[in-house]
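Undergrad: The structure that follows is given in the form of structure tokens.
The values are calculated or read from the model by the stated rules, or taken from the named source; none is laboratory data. On a predicted model such as this, the values are computed, not experimentally measured, just so you know. As a convention, Cβ positions derive from the backbone with ideal geometry for all residues, glycine included, and neighbour counts pool all protein chains shown.
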Amino acid sequence: MPDFSLIYKLQFTDLELNTQGKRIDDIRKKLGDRAAIIAVQKVLDRLSIKINEINIRQKKTEDEISSLITRISTAEQKLYGGQVANPRELQDLQNDIAQLGRQKDNHEDELLAILEESEPIKVQHDGIQEKLKSAESAWDTLQNQLNQELASVLESTGKLKNQRDEMVSVIPNDTLELYDQVRSRHPQGKGVARVKNNMCESCLVVLPARQVQALRSDSTSTRCTSCGLILLPE
Ligand SMILES: [Zn+2]
């Protein structure tokens, strides 16, 4: 039976390389992923548009009130200034002032409603702006952490690959081919498993006594009938 003990060591390295490879993929996916921040920014943008639209309505209403105040004041100056003596004209002026006053009242009610409408939206906007600020700060921190971790995992992976090259250089080609073939089909990327207490240590199936016996004495490799891994003696 070929010497699979080196393969057993190689498997540790390969499994670790798999884990590190997955972590590297995961980190690369997370690096630069601003989806969460963009989502908050979109909510903020929508609120900003709403606030802007309310501000325009507010300004228009305030301008209308201000214009009505000027018109009322002009009419009152005319009424009380003594230039108009005709009672009919005086009555018309009084009617105008009363009507302008009513218009002003209506616009003031409108203004109040606008202010009431805008208040909670502004509070919500400010809250989300704060949330965005802390999300951005957390994102920066995470990106730094991920970059550091990536550098460290890449360094470790480089070392493991060198170790692997050294191990592989002394393993016979046919043994290595069999191992690669088995692990390429195994869900966890395993190629070999030791036999412990007559069980396959990977899938924990109890092996036939004959197989365990053959494994101890035989020169051919044997595979677990359940998970297909190459079995190594205890
Ligand atoms: Zn097994």
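Undergrad: Regarding L31, is this residue surrounded by 14 or more Cβ atoms within 10 Å (Cβ to Cβ) and not polar (S, T, N, Q)?
TA: In short, no.
Undergrad: What number goes with the only condition from (1) closer than 24 Å to L6 by Cβ; (2) more than 16 Å from the ligand (Cβ to nearest atom); (3) free of Cβ contacts under 8 Å to residues at least 12 places away in the same chain that K161 does not pass?
TA: Result: K161 passes all but (3).
Undergrad: Right, another one. Restricting attention to segment 29-75, which residues are acidic (D, E) and over 23 Å from G127 (Cβ atoms)?
TA: First, the residues of segment 29-75 that are acidic (D, E): 33, 45, 53, 62-64.
Those that are acidic (D, E) and over 23 Å from G127 (Cβ atoms): D33, E62, D63, E64.
Undergrad: The conditions are (1) surrounded by 15 or more Cβ atoms within 10 Å (Cβ to Cβ); (2) of a type in the set (A, V, I, L, M); (3) over 29 Å from D63 (Cβ atoms), and L90 fails exactly one of them. Which is it?
TA: Looking at each condition in turn, L90 falls short on (1).
Undergrad: Would you point out the residue of segment 55-72, among those that are buried (at least 16 other Cβ atoms within 10 Å of the Cβ) and among the aliphatic types (A, V, I, L, M), that is farthest from L132 (Cα to Cα)?
TA: Top of the filtered list is I72.
Undergrad: Same structure, new question: Those residues that are more than 60 Å from the chain's Cα centre (by Cα), surrounded by 14 or more Cβ atoms within 10 Å (Cβ to Cβ) and modelled with pLDDT of 95 or more, I need them from segment 93-105; list them, please. Write out each step before concluding.
TA: From segment 93-105, those more than 60 Å from the chain's Cα centre (by Cα) are 93-98; that's our starting set.
Adding the requirement that they be surrounded by 14 or more Cβ atoms within 10 Å (Cβ to Cβ) leaves 93, 96-97.
Of everything in segment 93-105, those that are more than 60 Å from the chain's Cα centre (by Cα), surrounded by 14 or more Cβ atoms within 10 Å (Cβ to Cβ) and modelled with pLDDT of 95 or more turn out to be D96, I97.
Undergrad: Name the residue that is modelled with the lowest pLDDT, counting only residues in segment 217-234 that are more than 10 Å from the ligand (Cβ to nearest atom) and out of contact with any strand residue (DSSP E or B) (no Cβ under 9 Å at 6 or more places or on another chain).
TA: Of everything passing the filter in segment 217-234, S219 is modelled with the lowest pLDDT.
Undergrad: What are the residues in segment 176-212 that are crowded, with 17+ Cβ neighbours inside 10 Å and β-branched (V, I, T), if any?
TA: Those that are crowded, with 17+ Cβ neighbours inside 10 Å and β-branched (V, I, T): V182, V192, V195, V212.
Undergrad: I'd like to check something: does segment 200-210 contain any residue that is within 14 Å of the ligand (Cβ to nearest atom) and among the acidic types (D, E)? Steps first, please.
TA: Step one: filter segment 200-210 for residues within 14 Å of the ligand (Cβ to nearest atom), giving 200-208.
Subsequent filtering for residues that are among the acidic types (D, E) retains 201.
The answer is yes; a qualifying residue exists.
Undergrad: Still on this structure, I have one more. If V170 satisfies all but one of (1) away from the ligand (no atom under 16 Å from the Cβ); (2) loosely packed, with under 12 Cβ neighbours inside 10 Å; (3) of a type outside the set (D, E); (4) without any contact (Cβ under 8 Å) to a residue 60 or more places away in the chain, what's the number of the condition it fails?
TA: Unmet condition: (4).
Undergrad: Of all the residues that make up segment 204-234, how many are under 22 Å from L17 (Cβ atoms) and in a loop (DSSP other than H, G, I, E, B)?
TA: Step one: of segment 204-234, the residues under 22 Å from L17 (Cβ atoms) are 227-230, 232.
With the extra rule that they be in a loop (DSSP other than H, G, I, E, B), the set shrinks to 227-229.
The number of residues fulfilling the criteria is 3.
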